[in-house]
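Colleague: Here you go, one structure.
The values are calculated or read from the model by the stated rules, or taken from the named source; none is laboratory data. Predicted model only: the values in this text are computed from it and were never measured. Note: accessible area is taken over every heavy atom of the protein model, side chains too, but ligands, DNA and RNA are not part of it. Shrake-Rupley method; radii C 1.70, N 1.55, O 1.52, S 1.80 Å.
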Amino acid sequence: MKNLIILFSFISLLLSNSVVINAINHTKHENVWITANDKNLIKLSDFEKISRIARVSPVTTLAVHVADELVFKSDYRFRNGTLHTIHIDEQREVDQPQNKFRVRVEQFNPTLDEPFYSLDPLTFQSQSVELNDQGQFKDIKVERDNADILETANVQIIHNSPYPVVDIYVDDAEALGDVPFRAATGMIQLPISTTVGIAPANGDVIANFPFALETNGNYVVSASGILGNDATPFGLVASGLELAAVDTNHFGLKVFHGVTDAPAVDIYANGNLLVENLGYNEYEGYVQVPVGDYTIDVTAHGSDQSVASFAAPLSGFGGGTGI
């Protein structure tokens, strides 16, 4: 058995005192900037491309610039640990010679039992913004109809296929670039009906995989296998993703077997059997592990001889989850 790894992919994007932001440019403009507290945060150059994620403080001022013009600015007080997607739209019908833009900020909060779309001004704002002849803001209107908001799911992608660096495409548009081998993305928002493609960095897409996801659902997708290998072909394997353990005294651990040349395995934590008979390309559902520091041992199924051991210091991760 070789090339065996365990990838602890902690969901650190949902830690307190930070907010995760990404954005989608629904306009035809190729020079769209989002700033946070007057500092450049995200650049959007392509139509309908999902941006890379960025972090901001819970209290921040977001602004949108299109072709070097300020078209939107608003103060926000987000809840800690939430995810937000900024949508920039250009209205098709305008009564004034200047452009009219609508900026929507969607919130996803996995820690609160409340509707995804909230009109609480502290957590959600969906606004139409129009500039007057002097380039100043005219009326700001809160949109009450969310029917046109893009339905999305939250996805983390793990690169565990033996290609050094890959680009990830969503519906034929590059969404994430230069993802290294044995690395994981943060939580990104994808349309619920989408096709995810994988390409060697700066190369052509080598495989496409359609997905039908549930709105607001949480998923992990692992890229595994070898292109052109009939025994272990390249593929994307999806599973549900949990963002919190049962309580702060436990850590939710999910195990994925992505080793192409290994048999089914058993996983031990400090000598106690944790996962039994896990086969290649399979996920084991979440195991709630008491907080502590562990030595993880991997054996061939049915054997008590460890072929690999890994340190798993989980003392400081109470209430969290990982892969």
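Colleague: Roll a 1.4 Å probe over the protein heavy atoms and report the accessible area of PHE234 in Å², nearest 10.
Modeller: It works out to around 20 Å².
Colleague: For LEU176, what residues show an amide H to amide H distance below 5 Å, using hydrogens built from the backbone and excluding near sequence neighbours?
Modeller: ILE168
Colleague: Could you give the length gained by full extension between ASP204 and ALA238, i.e. 0.36 nm per residue of separation minus their alpha carbon distance, to one decimal place?
Modeller: Length gained, ASP204 through ALA238: 10.0 nm.
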